[in-house]
Amino acid sequence: MKVKPLTVDPKQTKLASKFTVAQYETACSKKNKEEIAEALRRRFKERYIEPVTAKNRHGFAMMAISCLMIESLESFRQGWENSNSKSELAFCYFFDSHSQFDSFRGHCAQFYKNVRCGILHQAETTGGWRITRKNSAPLFDAVSHTINATSFLKHLCEVLDGFCDALKTADWDSTEWKNVRKKMKALCHNCRP
């Protein structure tokens, strides 16, 4: 028996809950900043934040997801179609741009190598870097190279909310929106077979 291949309309691909490629294109044609900004917020919260804020979470998974989110969020901010050969730069831009992460300034290259690359390529932090979820721990202890994953994710949520809220008030033809639309165009293109 021959199996008929599944046909999928790329325009029906969900970019976030209740927000398809077709809905993005409609919102874009109407310059509906609020709808797009809220869909971006949902996309990040659904894919990155909610899976690691459940009751049985682990700091390691929280940091892995946080690293993915930083790279993706920075791609939207910079208007990068992809972050190939720009990953380390994404983290440096991110840490340098957000006061919530001031304690990481000057440690970007080490964070990238020992946390981002360590977790994503070796399934462990390297170079003596550690992850904790202790409430009493600071966001980052530069002496022991210890990161509080709970605080890190909390600050990352603040950055996401700030980004999405700023998009709502930014001019449609601003650099911020041009960059978001460039990344969204690449994202929609990647929905095609």
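In the stretch 67-125, which residues are open to solvent by 70 Å² or more (accessible area, probe 1.4 Å), within 18 Å of T175 (Cα to Cα) and of a type in the set (D, E)?
Listed by number, the list holds a single entry, E81.
Scan K30, K55 and give me the residue that is without any contact (Cβ under 8 Å) to a residue 60 or more places away in the chain and closer than 15 Å to R181 by Cβ. Outline the logic, then answer.
Values: K55 fails: closer than 15 Å to R181 by Cβ.
Selected residue: K30, the only one of K30, K55 that is without any contact (Cβ under 8 Å) to a residue 60 or more places away in the chain and closer than 15 Å to R181 by Cβ.
So which residues in the stretch 126-167 are over 15 Å from the mean Cα position of the chain (by Cα), surrounded by 13 or more Cβ atoms within 10 Å (Cβ to Cβ) and among the β-branched types (V, I, T), if there are any at all?
Correct list: T126, I131, T132, T146, I147, T150.
If a residue has to be among the hydrophobic types (A, V, I, L, M, F, W, C) and at positive phi to count, how many in the stretch 116-132 make the cut? Spell out the reasoning first.
First, the residues of the stretch 116-132 that are among the hydrophobic types (A, V, I, L, M, F, W, C): 117, 119-120, 123, 129, 131.
So of that shortlist, the ones also at positive phi come out as 123.
Of the residues in the stretch 116-132, 1 are among the hydrophobic types (A, V, I, L, M, F, W, C) and at positive phi.
From the list S85, S97, which residue is among the polar types (S, T, N, Q), out of contact with any strand residue (DSSP E or B) (no Cβ under 9 Å at 6 or more places or on another chain) and at positive phi?
Only one candidate passes the filter, namely S85.
Quick one: would you say A170 is open to solvent by less than 50 Å² (accessible area, probe 1.4 Å), in contact with a helix residue (DSSP H, G or I) (Cβ under 6 Å, 6 or more places away or on another chain) and of a type in the set (G, A, S)?
Answer is yes for this residue.
Considering the stretch 73-89 alone, what residues qualify as being in a loop (DSSP other than H, G, I, E, B) and closer than 18 Å to A109 by Cα?
Within the stretch 73-89, S83, N84, S85, K86 meet the criteria.
From A54, A22, grab the single residue that is more than 15 Å from L167 (Cβ to Cβ), at pLDDT 95 or above and surrounded by fewer than 18 Cβ atoms within 10 Å (Cβ to Cβ). Quick ask: steps written out before the conclusion?
Details: A54 fails: at pLDDT 95 or above.
When all the criteria are applied, what remains is A22.
The values are calculated or read from the model by the stated rules, or taken from the named source; none is laboratory data. This is a predicted model, so every value here is computed, not measured. Quick reminder, even Gly has a Cβ in these numbers, built from the backbone with ideal geometry, and neighbours come from all protein chains shown. To get the accessible areas, we keep the full protein, side chains included, count just its heavy atoms, and leave off ligands, DNA and RNA. Shrake-Rupley method; radii C 1.70, N 1.55, O 1.52, S 1.80 Å.
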